[in-house]
Each structure stands twice: as C-alpha cells, then as structure tokens.
Amino acid sequence: MELKSTPISDLLIVQPKIFEDDRGHFFESYNKTIFDQLGINVNFVQDNQSLSQTGVLRGLHFQKPPFAQGKLVRVIKGSVLDVAVDIRKNSPTYGNHFDIVLSEKNKTMLWIPEGFAHGFLTLENDTIFLYKCTNYYNKASEDCILWNDTDIAIDWKINSPILSEKDVQGNVFKDFISPF
C-alpha cells in the first residue's frame, strides 16, 4: 500500500498494491497494521455503502464534533469525481478543495480526516461507493455546505446534478462557521 500526499495536509491518496493474474485481481483495501505504519492510526467503527446513477451528486457533507468522522472512501463499481473541502478554520488551506476520480478500475482510495466536508458526483450508472468511518452517524451532528458554492468554486463538470433536498439547502460558505 502506498500513500500519496495532496496539496492539502492530512488529506491522503491511498493506492493499494494490486495482485492480478488471468483469474482476476486481489488487494487489501484495509489493514490496520499497515495503516498504523503509514501514520493513519484510526479505529473504523462503521461502513456505509451507496448506490447511485450517473449524475447523482452527494455532498458536501460532514458531521460536527463530537461525532466528527474520518473517512476512507473508495468505489467498488463504477466511478466518481470525489471532492474534499478543508473546513479546519486554523488550516492554511481552509476553504480549499481537492478532487480526484475514484473508480473500480484505478482502485484508488482517499483518506479524509475529520475537519473536511466531502462529496462526490457519480460518473457511471450503478456506481457503488464505500465509506469506512471512524465515528458513528449522528443525525443531529450532520451538516452540509452548498455543493456549488461560488467561494469554493468546485468544477463538478455538470450543471444540473441529481440532488437530495438536504444538498439543495446546504450552507453558503461565506456564512459558514466551522466547528473545527
């Protein structure tokens, strides 16, 4: 397993070692000992999985302390444009975002620590997305930043995604007070 840095500190690309032959492939998507050795010393307590069609945008979500979550995310089937926004108010990259395509083909994962809003846009039908979380979901702690906020300026490469009501009503970033 290999870690690659991003322009935002603590946000990491995780590339598993893939073993392929004529039968298919095998890889470890998570191994606590290896993650500890790589400096990601966390305890995952919940896995979440979603199925989405092309053009579904989920985000930009996070949970406020004390239920904040770190997430290890990956795509099992299909592909997404995955985005993380730094909402750590004392970070030099506060308000900056990073995006990456995660797919069943590249098998790339993204480690998103606490203090980030997260979202993704599905690029293929029947995309299956998996989140490994470091804390349990708590409805009262969930929050959302508006997916198309002009101050964050994410290029989602889509004008009219399929959104939930929660995502349509996300917080405007300039009025947002970060709990991190």
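The values are calculated or read from the model by the stated rules, or taken from the named source; none is laboratory data. Everything numeric in this text was worked out from a predicted model, so none of it was measured. We place every Cβ from the backbone using ideal geometry, glycine too, and count neighbours over all the protein chains shown.
Points to keep in mind about this one:
- On the stretch given as region 7-58, residues that are touching a residue at least 12 places away in the same chain (Cβ under 8 Å), assigned to a loop (DSSP other than H, G, I, E, B) and not hydrophobic (A, V, I, L, M, F, W, C) total 14.
- Close pairs (7 angstrom Cβ cut-off, 6 or more residues apart or separate chains): among the hydrophobic types (A, V, I, L, M, F, W, C) in region 167-180, not in a loop (DSSP other than H, G, I, E, B) anywhere: F173/I145; F176/I145
- Scope region 134-151; condition free of Cβ contacts under 8 Å to residues at least 12 places away in the same chain, under 21 Å from K71 (Cα atoms) and either polar (S, T, N, Q) or surrounded by 17 or more Cβ atoms within 10 Å (Cβ to Cβ) (or both); matching residues: none
- Within region 134-151, considering residues that are part of a loop (DSSP other than H, G, I, E, B) and among the charged types (D, E, K, R), the one farthest from V73 (Cα to Cα): D151
- Of the residues making up region 152-171, those that are surrounded by 12 or more Cβ atoms within 10 Å (Cβ to Cβ), in a loop (DSSP other than H, G, I, E, B) and not polar (S, T, N, Q) are I152, I154, W156, I158, P161, L163, G170.
- Across region 24-48, the number of residues qualifying as modelled with pLDDT of 95 or more and in contact with a Leu (Cβ under 8 Å, 6 or more places away or on another chain) comes to 3.
- Selection of region 5-15 for residues being out of contact with any Asp or Glu (no Cβ under 8 Å at 6 or more places or on another chain) and within 14 Å of L72 (Cβ to Cβ) yields D10, L12, I13.
- When S79, S91 are checked against the criterion of being among the polar types (S, T, N, Q) and farther than 21 Å from D167 by Cα, a single residue qualifies: S91.
- Whichever residue in region 16-35 is within 16 Å of I76 (Cβ to Cβ) and not hydroxyl-bearing (S, T, Y) and, among such residues, is farthest from the chain's Cα centre (by Cα): G24
- Within region 59-78, the set of residues being in a strand (DSSP E or B) and out of contact with any Ser or Thr (no Cβ under 7 Å at 6 or more places or on another chain) comprises G59, L60, H61, F62, K71, L72, V73, I76.
- Qualifying residue in region 143-157 (condition: of a type in the set (G, A, S) and either closer than 18 Å to T54 by Cα or in contact with a strand residue (DSSP E or B) (Cβ under 6 Å, 6 or more places away or on another chain) (or both)): no
- Selection over region 94-133 of residues that are touching a residue at least 40 places away in the same chain (Cβ under 8 Å) and either in a loop (DSSP other than H, G, I, E, B) or among the aromatic types (F, W, Y) (or both) gives a count of 18.
- Residues that are outside any strand (DSSP E or B), of a type outside the set (A, V, I, L, M, F, W, C) and in contact (Cβ under 8 Å) with a residue 24 or more places away in the chain within region 79-91 comprise R88, K89, S91, listed in sequence order.
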